Amino acid sequence: MSMKERVIRVTFNLPSGDVVLTKGLRMNIRISKAALAIQNKAVIEVFGMDTKMREGLLSQFTAWNKRKAEQGDITPQWIPVSIVAGYKQDGADHSSLVFKGEVALVDLSSPPPNIGVRITAYTNQINRTKFVTSPAPAEATLEEYVAWAAGQMGLGTNYVCDTSYNKSIITNPSRSTHIAAALVIDIQNAYRQDIAAYVDDGRLIVKDVANLINVDLIANVRTFVGVPSWNEWGVEFMTMFDPSIRVGQAVNLTSIINPSINGSYVVTELDYDLTSRDKAFYVRGSGSPPA
């Protein structure tokens with residue numbers, strides 16, 4: 001069997017066309033995700049970027065412009081970015097999407113001659129400044145409300161609404177919601193503590209809390225970087241990048257060094273440390289025992 005080869009691609013959707021950065025460049029990427037968080041974050045450090053693109057990003061996504069956009073003084077010009085990671089083996093590409101969001105800030109991380117550019121991106125960033133453009137229906141089922149909210153967030157039909165309240169009527173939903181990002185909170189508040197709503201990689205997910213876990217997609221982890229251990233909320237562990245480990249899903253841990261943590265957990269947080277040329281290609285997870 002051949003050795004696994006890393007796959008890492010960062011794609012910027014520019015108005016002039018897509019720009020794809022691959023492992024030919026030196027890249028250090030850190031991604032933070034948390035269950036039920038409104039925003040996930042990615043910091044992409046790139047060395048050897050094309051001069052034209054580097055200058056364009058540095059001039060557009062300054063800290064100055066970020067502050068002005070958040071104050072509403074200027075119209076933000078978001079650039080969508082997506083990150084794909086995985087492995088290639090025997091000619092087959094086993095990679096998956098690990099982050100999808102918008103560029104928010106760009107600054108220099110190292111001086112010449114080896115100029116490094118640090119790109120900070122967030123999920124759902126565009127929805128923090130995007131206003132709700134049409135009122136929600138006066139009366140709608142939860143399923144209809146989620147469909148309307150997905151449209152307002154620019155997600156189209158990229159949503160899942162699978163709850164025991166799908167056909168329940170909600171009266172005057174979202175009447176006090178003005179920006180699209182707040183719709184996720186409003187959906188969850190419709191049946192507080194019974195349903196969960198969150199956005200992961202450009203997809204709105206609404207499910208019963210008791211049915212968040214897909215038992216057919218439980219990741220099994222038997223090799224670790226370091227020693228998995230208990231913390232105050234459950235367990236934390238680190239392993240080589242594994243696309244099957246996802247926020248809001250379950251993971252089954254089996255450790256020889258610390259068997260006290262062996263068992264299944266709900267993944268609540270993930271931190272990715274991905275590099276194109278360096279040693280790191282890890283995912284660090286935190287999980288809580290199932291209810």
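Out of (1) of a type outside the set (V, I, T); (2) under 30 Å from S82 (Cβ atoms); (3) surrounded by fewer than 18 Cβ atoms within 10 Å (Cβ to Cβ); (4) modelled with pLDDT of 90 or more, the odd one out for S288 is which?
Status for S288: all satisfied but (4).
Being assigned to a loop (DSSP other than H, G, I, E, B) and touching a Pro at 6+ places or on another chain (Cβ under 6 Å), is that true of even one residue in the range 239-257?
The answer is yes; a qualifying residue exists.
Tell me yes or no: at least one residue of the range 26-49 is modelled with pLDDT under 85, in a helix (DSSP H, G or I) and surrounded by 13 or more Cβ atoms within 10 Å (Cβ to Cβ).
No, the range 26-49 contains no residue that is modelled with pLDDT under 85, in a helix (DSSP H, G or I) and surrounded by 13 or more Cβ atoms within 10 Å (Cβ to Cβ).
Among the residues of the range 207-253, how many are more than 22 Å from the chain's Cα centre (by Cα), of a type in the set (A, V, I, L, M) and either open to solvent by less than 10 Å² (accessible area, probe 1.4 Å) or under 22 Å from T157 (Cα atoms) (or both)?
Residues meeting the conditions: 1.
Which condition from (1) in a strand (DSSP E or B); (2) open to solvent by less than 30 Å² (accessible area, probe 1.4 Å); (3) within 28 Å of E102 (Cβ to Cβ) is the one that V184 breaks?
Of (1) in a strand (DSSP E or B); (2) open to solvent by less than 30 Å² (accessible area, probe 1.4 Å); (3) within 28 Å of E102 (Cβ to Cβ), only one is false for V184: (1).
Determine if the range 52-71 includes at least one residue that is touching a helix residue (DSSP H, G or I) at 6+ places or on another chain (Cβ under 9 Å), hydrophobic (A, V, I, L, M, F, W, C), open to solvent by less than 70 Å² (accessible area, probe 1.4 Å) and at pLDDT below 85.
No, the range 52-71 contains no residue that is touching a helix residue (DSSP H, G or I) at 6+ places or on another chain (Cβ under 9 Å), hydrophobic (A, V, I, L, M, F, W, C), open to solvent by less than 70 Å² (accessible area, probe 1.4 Å) and at pLDDT below 85.
Taking the condition in a strand (DSSP E or B) and of a type in the set (A, V, I, L, M), does V225 pass?
When the stated conditions are applied, V225 does not pass them.
Tell me which of these S174 doesn't satisfy, since it passes every other one: (1) in contact with a Phe, Trp or Tyr (Cβ under 6 Å, 6 or more places away or on another chain); (2) of a type in the set (S, T, Y); (3) at pLDDT below 75.
Evaluating S174 over (1) in contact with a Phe, Trp or Tyr (Cβ under 6 Å, 6 or more places away or on another chain); (2) of a type in the set (S, T, Y); (3) at pLDDT below 75 leaves (1) as the failure.
Within the range 196-206, is even one residue open to solvent by 70 Å² or more (accessible area, probe 1.4 Å) and either of a type in the set (D, E) or not in a strand (DSSP E or B) (or both)?
Looking through the range 196-206, none of the residues is open to solvent by 70 Å² or more (accessible area, probe 1.4 Å) and either of a type in the set (D, E) or not in a strand (DSSP E or B) (or both).
Can you name the residue in the range 142-166 that is closer than 23 Å to I213 by Cβ and more than 23 Å from the chain's Cα centre (by Cα) and is also surrounded by the most Cβ atoms within 10 Å (Cβ to Cβ) among such residues?
Here the answer is L142.
Could you count how many residues in the range 72-81 are at pLDDT 75 or above and of a type in the set (V, I, T)?
Count: 2.
Tally time: how many residues in the range 234-291 are without any contact (Cβ under 8 Å) to a residue 12 or more places away in the chain and among the charged types (D, E, K, R)?
1
Those residues that are over 23 Å from Y87 (Cβ atoms), in contact (Cβ under 8 Å) with a residue 12 or more places away in the chain and out of contact with any helix residue (DSSP H, G or I) (no Cβ under 8 Å at 6 or more places or on another chain), I need them from the range 15-38; list them, please.
Across the range 15-38, the qualifying residues are A34, A35, A37.
The values are calculated or read from the model by the stated rules, or taken from the named source; none is laboratory data. Keep in mind that this is a model prediction, so the values were computed, not measured. Neighbour counts run over all protein chains shown; Cβ positions are idealised from the backbone, glycine included. Heavy atoms of the whole protein, side chains included, go into the accessibility calculation; ligands, DNA and RNA do not. Shrake-Rupley method; radii C 1.70, N 1.55, O 1.52, S 1.80 Å.
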